[in-house]
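A.B. asks: Quick one: the structure is below, questions incoming.
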Amino acid sequence: NAGVTQTPKFRILKIGQSMTLQCTQDMNHNYMYWYRQDPGMGLKLIYYSVGAGITDKGEVPNGYNVSRSTTEDFPLRLELAAPSQTSVYFCASSYPVRSGANVLTFGAGSRLTVL
Amino acid sequence: DQQVKQNSPSLSVQEGRISILNCDYTNSMFDYFLWYKKYPAEGPTFLISISSIKDKNEDGRFTVFLNKSAKHLSLHIVPSQPGDSAVYFCAATGSGGSNYKLTFGKGTLLTVNP
């Protein structure tokens with residue numbers, strides 16, 4: 001059981017380049033999320049999805065795009081990379097509960113550096 | 001505007017002693033609180049949670065206390081072990097339509113010395 005798998009683990013981009021961070025989960029979770037973590041900061045929500053075909057913005061969506069064509073996959077696209085997007089990106093998924101805490105399962109992270 | 005605050009960036013304790021990690025929040029609409037643990041180069045992993053209708057939840061060496069009137073929660077680890085050395089994130093979420101979005105604090109780096 002792989003859980004949440006993110007690729008690549010590391011990437012260096014030049015300013016203005018584009019790339020896609022891949023995320024896939026094998027737990028049949030409806031909900032998926034992208035967070036970024038900057039040094040000394042908490043995790044900030046970029047985008048989330050409550051099911052295939054449905055996505056919505058989080059706290060810090062500018063400069064990113066997402067799509068959710070299947071339950072398993074939730075790629076994050078950076079169109080014009082900027083130094084401010086240097087960060088560690090975490091994908092997560094969860095199964096919605098009617099009551100109780102929504103426990104997210106996270107991937108191992110993708111470290112992106114924009115030079 | 002930080003809705004979840006962890007004011008101590010780091011904490012150092014001796015093995016076998018108690019570790020107490022603190023978290024404050026400002027949004028009275030939060031209904032659930034979670035603690036995540038993160039090792040370097042790994043993703044956060046869920047540790048323990050508590051509902052706003054409770055004031056304590058215990059799981060082995062880990063206990064979370066909630067003081068709703070003070071908007072404060074704490075994670076107690078007893079006894080602390082070197083393997084507990086990690087960054088601990090406090091997170092909060094609402095209920096109903098927004099209960100799937102977690103708001104995280106900045107984290108506290110716990111170091112347990114042998």
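A.B. asks: Of the conditions (1) on the phi < 0 side of the Ramachandran plot; (2) within 14 Å of chain B (Cβ to nearest Cβ); (3) in a loop (DSSP other than H, G, I, E, B), A:THR55 satisfies every one except a single condition; which number is it?
C.D. replies: (3)
A.B. asks: What number of residues in the range B:1-39 are away from chain A (no Cβ under 14 Å) and out of contact with any strand residue (DSSP E or B) (no Cβ under 8 Å at 6 or more places or on another chain)?
C.D. replies: Within the range B:1-39, residues that are away from chain A (no Cβ under 14 Å) and out of contact with any strand residue (DSSP E or B) (no Cβ under 8 Å at 6 or more places or on another chain) number 4.
A.B. asks: Next question, about the same structure. Can you report the number of residues in the range A:62-78 which are surrounded by 19 or more Cβ atoms within 10 Å (Cβ to Cβ) and either in contact with a Lys or Arg (Cβ under 8 Å, 6 or more places away or on another chain) or in contact (Cβ under 8 Å) with a residue 60 or more places away in the chain (or both)?
C.D. replies: Residues flagged as surrounded by 19 or more Cβ atoms within 10 Å (Cβ to Cβ) and either in contact with a Lys or Arg (Cβ under 8 Å, 6 or more places away or on another chain) or in contact (Cβ under 8 Å) with a residue 60 or more places away in the chain (or both) within the range A:62-78 amount to 4.
A.B. asks: Determine whether A:THR86 is closer than 18 Å to A:GLN37 by Cβ, within 14 Å of chain B (Cβ to nearest Cβ) and either under 14 Å from the mean Cα position of the chain (by Cα) or without any contact (Cβ under 8 Å) to a residue 60 or more places away in the chain (or both).
C.D. replies: No; evaluated as a whole, the condition is false for this residue.
A.B. asks: If I filter the range B:23-38 for residues that are in a loop (DSSP other than H, G, I, E, B), crowded, with 18+ Cβ neighbours inside 10 Å and without any contact (Cβ under 8 Å) to a residue 24 or more places away in the chain, do I get at least one hit?
C.D. replies: Within the range B:23-38, none of the residues are in a loop (DSSP other than H, G, I, E, B), crowded, with 18+ Cβ neighbours inside 10 Å and without any contact (Cβ under 8 Å) to a residue 24 or more places away in the chain.
A.B. asks: Moving to a separate point now. Of the numbered conditions (1) within 13 Å of the chain's Cα centre (by Cα); (2) free of Cβ contacts under 8 Å to residues at least 24 places away in the same chain; (3) within 8 Å of chain A (Cβ to nearest Cβ), B:GLU42 satisfies every one except a single condition; which is it?
C.D. replies: (1)
A.B. asks: Related question: Go through (1) buried (at least 18 other Cβ atoms within 10 Å of the Cβ); (2) assigned to a loop (DSSP other than H, G, I, E, B); (3) in contact with a Gly (Cβ under 9 Å, 6 or more places away or on another chain) for A:MET41 and report which single condition fails.
C.D. replies: (1)
A.B. asks: Another question, then. So if I check each of A:SER110, A:SER94, A:SER49, A:SER84, which one is surrounded by 19 or more Cβ atoms within 10 Å (Cβ to Cβ), of a type in the set (Ser, Thr, Tyr) and closer than 27 Å to B:PRO9 by Cα?
C.D. replies: That would be A:SER110, the only listed residue that is surrounded by 19 or more Cβ atoms within 10 Å (Cβ to Cβ), of a type in the set (Ser, Thr, Tyr) and closer than 27 Å to B:PRO9 by Cα.
A.B. asks: Here's a follow-up. Give the residues of the range B:55-71 that are part of a loop (DSSP other than H, G, I, E, B), of a type outside the set (Asp, Glu) and surrounded by 13 or more Cβ atoms within 10 Å (Cβ to Cβ), sorted by residue number.
C.D. replies: Across the range B:55-71, the qualifying residues are B:ARG61, B:LYS68, B:LYS71.
A.B. asks: Shifting gears a bit: Looking at this structure, is A:THR71 over 24 Å from B:LEU109 (Cβ atoms), among the hydroxyl-bearing types (Ser, Thr, Tyr) and either touching a Gly at 6+ places or on another chain (Cβ under 9 Å) or not in a strand (DSSP E or B) (or both)?
C.D. replies: yes
A.B. asks: Inspect all residues belonging to the range A:6-13 and state whether any of them is touching a Pro at 6+ places or on another chain (Cβ under 9 Å), over 20 Å from B:GLN2 (Cβ atoms) and touching a residue at least 40 places away in the same chain (Cβ under 8 Å).
C.D. replies: No: zero hits.
No value in this document is a laboratory result; all are computed from the given coordinates. Quantities reported herein were computed from a predicted structural model and do not represent experimental measurements. Cβ atoms come from the backbone with ideal geometry, glycine included; neighbour counts cover every protein chain shown.
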